[in-house]
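As structure tokens, the structure follows; a few thoughts come after it.
The values are calculated or read from the model by the stated rules, or taken from the named source; none is laboratory data. All of these numbers come straight from a predicted model, not from anything done at the bench. As a convention, Cβ positions derive from the backbone with ideal geometry for all residues, glycine included, and neighbour counts pool all protein chains shown.
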Ligand SMILES: Nc1ncnc2c1ncn2[C@@H]1O[C@H](COP(=O)(O)OP(=O)(O)O)[C@@H](O)[C@H]1O
Ligand SMILES: [Mg+2]
């Protein structure tokens with residue numbers, strides 16, 4: 001996986017500074033306070049997980065980073081840049097790609113067309129072809145199905161396509177919302193192996209999962225979100241041993 005973007009320089013972060021930082025982020029849907037002051041940091045090259053029950057605010061957090069939701073309070077910085085000033089499209093250009101919950105691929109477009117849509121912004125055909133090659137290396141199943149319509153893929157293959165589409169923009173930060181949801185275990189394994197390889201190639205990952213076991217195994221650090229607040233955070237291996245986490249999220 002080549003990570004260097006053909007036109008965009010790698011985001012520069014000062015030594016020790018996080019690539020992504022949320023500070024006291026609050027988000028409300030009308031009267032519903034979904035995030036009540038979330039602070040978290042993701043360092044360059046890390047896989048950081050965010051776990052928590054259904055409704056805890058995980059998707060809301062990712063959407064707020066992708067500028068799909070306005071902040072009621074707090075701030076989000078990416079490579080030292082205040083994301084509050086950017087619109088959704090500029091966030092992609094800045095190097096952030098979201099793989100949404102439920103995948104949202106285009107069912108009537110072919111696999112190749114779905115990937116090409118993800119590359120919007122870079123017009124260079126050669127660079128796009130190279131990125132498609134990288135995605136196929138990561139997910140060989142997609143290579144075998146390039147001309148097939150997205151809607152005919154299995155759930156796991158659609159998740160691969162959704163991740164591949166996000167990678168077409170050559171992000172430096174990939175936001176993954178529940179990549180294992182509703183997917184056959186064998187393909188979940190393939191997807192998580194690919195996530196590891198994406199991170200090894202230098203792309204930073206913020207992974208949201210209800211599957212706590214999987215998320216803690218795949219990440220180096222994790223945040224536990226409970227009703228819109230960070231209840232706990234730390235190294236994933238420590239959280240996996242934490243009696244409270246085990247009782248609440250790992251079935252004892
Ligand atoms: N579009 C919406 N309108 C109103 N409330 C919403 C909307 N989306 C999410 N919520 C509420 O915000 C809270 C957090 O939701 P969400 O971020 O989707 O949680 P998670 O991804 O952890 O399951 C929940 O109480 C949910 O009901
Ligand atoms: Mg969600």
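In region 82-99, is there at least one residue being over 16 Å from the mean Cα position of the chain (by Cα), surrounded by 15 or more Cβ atoms within 10 Å (Cβ to Cβ) and away from ligand 1 (no atom under 11 Å from the Cβ)?
yes
In this structure, does residue 245 turn out to be at pLDDT below 95, in contact with a helix residue (DSSP H, G or I) (Cβ under 7 Å, 6 or more places away or on another chain) and either assigned to a helix (DSSP H, G or I) or within 21 Å of residue 21 (Cβ to Cβ) (or both)?
Yes, satisfied.
Yes/no matrix, rows are residues, columns are (1) away from ligand 2 (no atom under 16 Å from the Cβ); (2) within 21 Å of the chain's Cα centre (by Cα):
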position	(1), (2)
206	no, yes
214	no, yes
217	yes, yes
220	yes, yes
225	no, yes
234	yes, yes
243	yes, no
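Where the second residue is near ligand 1 (Cβ under 6 Å from one of its atoms) and assigned to a helix (DSSP H, G or I) and the first is under 20 Å from residue 172 (Cα atoms) and in contact (Cβ under 8 Å) with a residue 24 or more places away in the chain and lies in region 48-59, which pairs have Cβ atoms under 7 Å and are six or more apart or on separate chains?
50/58
Could you please find all residues in region 234-247 being under 26 Å from residue 33 (Cα atoms) and surrounded by 19 or more Cβ atoms within 10 Å (Cβ to Cβ)?
Passing the criteria: only 245.
Within region 30-47, which residues are within 13 Å of ligand 1 (Cβ to nearest atom) and touching a residue at least 40 places away in the same chain (Cβ under 8 Å)?
Within region 30-47, 33, 34, 35, 36, 38 meet the criteria.
Of these, 165, 170, which one is crowded, with 21+ Cβ neighbours inside 10 Å and at pLDDT below 95?
Matching residue, one of 165, 170: 170.
Can you say whether residue 22 is touching a strand residue (DSSP E or B) at 6+ places or on another chain (Cβ under 6 Å), within 26 Å of residue 197 (Cα to Cα), away from ligand 1 (no atom under 11 Å from the Cβ) and free of Cβ contacts under 8 Å to residues at least 60 places away in the same chain, as far as the supplied structure shows?
Judged against the criteria, residue 22 is a match.
Please state which one of 175, 187, 206, 167 is touching a helix residue (DSSP H, G or I) at 6+ places or on another chain (Cβ under 6 Å) and within 16 Å of ligand 1 (Cβ to nearest atom).
One residue alone meets the criteria, 175.
Would you confirm, using the coordinates I've provided, whether residue 217 is in contact (Cβ under 8 Å) with a residue 12 or more places away in the chain and in a helix (DSSP H, G or I)?
Considered against the rule, which asks whether it is in contact (Cβ under 8 Å) with a residue 12 or more places away in the chain and in a helix (DSSP H, G or I), residue 217 comes out as yes.
Among what's in region 122-145 and is touching a helix residue (DSSP H, G or I) at 6+ places or on another chain (Cβ under 6 Å) and in a loop (DSSP other than H, G, I, E, B), pick the residue that is surrounded by the most Cβ atoms within 10 Å (Cβ to Cβ).
Residue satisfying both the conditions and the ranking: 139.
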